[in-house]
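Step one of this worksheet: look at the structure below.
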Amino acid sequence: MKSLLTDLPLQKLREQFGERLQENVRLANYTAARVGGPAEALLVVNSAEELERAVTTLWELKVPFLILGGGANVLVSDQGYRGVVLLNRAHTIKIHAQTEPPTVWAESGANLGMIARQAALRGLSGLEWANTVPGTLGGAIYGNAGAFGGDMHGNLLMAEILHPSEGKQTWQVERFGYEYRSSVLKRSGTKAVILSATLKLERSTPQAVKEKMEEFSTRRKQTQPPGASLGSMFKNPPGDYAGRLIEAAGLKGMRVGGVQVSPVHANFFVNTESATASDYRQLIEIVRKTVEEKFGIRLELEVELVGDWQDNETILKGQQ
């Protein structure tokens, strides 16, 4: 297949990254919803140091890039991504059980649930809510992921950040300006990259932590659908729930192409049979319009649209 790399400095990229650089890679294989067109190029990074070097190189070459972790909470266009996708597999986890408070340090590509389970094995509490949250630490910090009353705002102590003009920095939690499912990085579009982070924990017992995690896991299985999805599609509006509004609007179970509003939880859109990103976008628009007409509430996306979209779809991205 002919490479899509028409506008990127392909030769320079090959010189920098060698055979690690993959071309014309289908992103559906790397997203939680199993949708998304091709990336012009893809590079796997296996450590925070590799991530730092790759990002620095791409900034120097003025090449657009997208960091993809677990592929949750992102809807990648069917047209794919014009640039380099960095697949973040930097996943080292270090538990510091003797510090006060006890902490866990992890690279930004570490699976959030794995971090929670590693802490639980040592009888360290505080991340039980994260056990079944999909995605990586970096994505969770970026979007202030949360569940069951916990979130990253409550656990993050500090993070190591790579800034395009200011270099490597350590940001304390206050610097992130956390709001509901949002951070200053997400709101401002700042191009800084999260390399690693330290989270605070509490001492408990392995059994107590395990029981709490099992309780949350059972509740999630009862209320959230299995299968390929993006996670929660919309943020909950103040004083209400997006899922309740969608269900009250009569949209539970609705289909567009291969994607369906889940019959289990209406704020989850499930890829039931070879859905496309366009199917998702159309269903998003129908749900938003119907809920707004019935209740006067404009639902705000929790997921982010990335990649190469047509003009009318790009407008949707601007409403994040």
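Tabulated values for the structure
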| quantity | calculated |
| --- | --- |
| Long-range neighbours under 7 Å by Cβ, at least six apart or interchain, first residue farther than 24 Å from E19 by Cα and in contact (Cβ under 8 Å) with a residue 24 or more places away in the chain within the range 32-44, second part of a loop (DSSP other than H, G, I, E, B) and hydrophobic (A, V, I, L, M, F, W, C) | A32/A72; A32/L230; A33/L230; V35/A275 |
| The range 59-79: number of residues that are crowded, with 21+ Cβ neighbours inside 10 Å and over 21 Å from the mean Cα position of the chain (by Cα) | 0 |
| Strands (runs of 3 or more DSSP E) wholly inside the range 193-278 that include at least 1 residues being of a type in the set (V, I, T) and farther than 30 Å from A90 by Cα | 259-261 |
| Residue within the range 286-296 that is of a type outside the set (A, V, I, L, M, F, W, C) and either modelled with pLDDT under 95 or surrounded by 22 or more Cβ atoms within 10 Å (Cβ to Cβ) (or both) present | no |
| Count - residues of the range 88-101 that are in contact (Cβ under 8 Å) with a residue 24 or more places away in the chain and either crowded, with 21+ Cβ neighbours inside 10 Å or of a type in the set (S, T, Y) (or both) | 3 |
| Residue match in the range 252-260 (condition: within 20 Å of the chain's Cα centre (by Cα) and crowded, with 20+ Cβ neighbours inside 10 Å) | yes |
| Residues (touching an Asp or Glu at 6+ places or on another chain (Cβ under 7 Å) and farther than 15 Å from L201 by Cα) located in the range 122-146 | N144, A145 |
| Candidate set from the range 263-285 (those that are farther than 20 Å from G36 by Cα and either basic (K, R) or out of contact with any helix residue (DSSP H, G or I) (no Cβ under 6 Å at 6 or more places or on another chain) (or both)); member that is surrounded by the fewest Cβ atoms within 10 Å (Cβ to Cβ) | P263 |
| Subset of the range 18-40 (residues that are surrounded by 17 or more Cβ atoms within 10 Å (Cβ to Cβ) and in contact with a Ser or Thr (Cβ under 8 Å, 6 or more places away or on another chain)) | E23, A32, A33, V35, G36, G37, E40 |
| Failed criterion for I67 (all others in (1) under 21 Å from G154 (Cα atoms); (2) assigned to a strand (DSSP E or B) hold) | (1) |
| So L127, is it surrounded by 18 or more Cβ atoms within 10 Å (Cβ to Cβ), modelled with pLDDT of 95 or more and more than 15 Å from the chain's Cα centre (by Cα) | yes |
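Yes/no per residue for (1) within 17 Å of the chain's Cα centre (by Cα); (2) crowded, with 18+ Cβ neighbours inside 10 Å; (3) acidic (D, E):
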| residue | (1), (2), (3) |
| --- | --- |
| Y142 | yes, yes, no |
| D151 | yes, yes, yes |
| E179 | yes, no, yes |
| L185 | yes, yes, no |
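The values are calculated or read from the model by the stated rules, or taken from the named source; none is laboratory data. This structure is a prediction, so every number in the text was calculated from the model and none was measured. Reconstructed Cβ throughout: ideal geometry from the backbone, glycine too, with neighbour counts over all protein chains shown.
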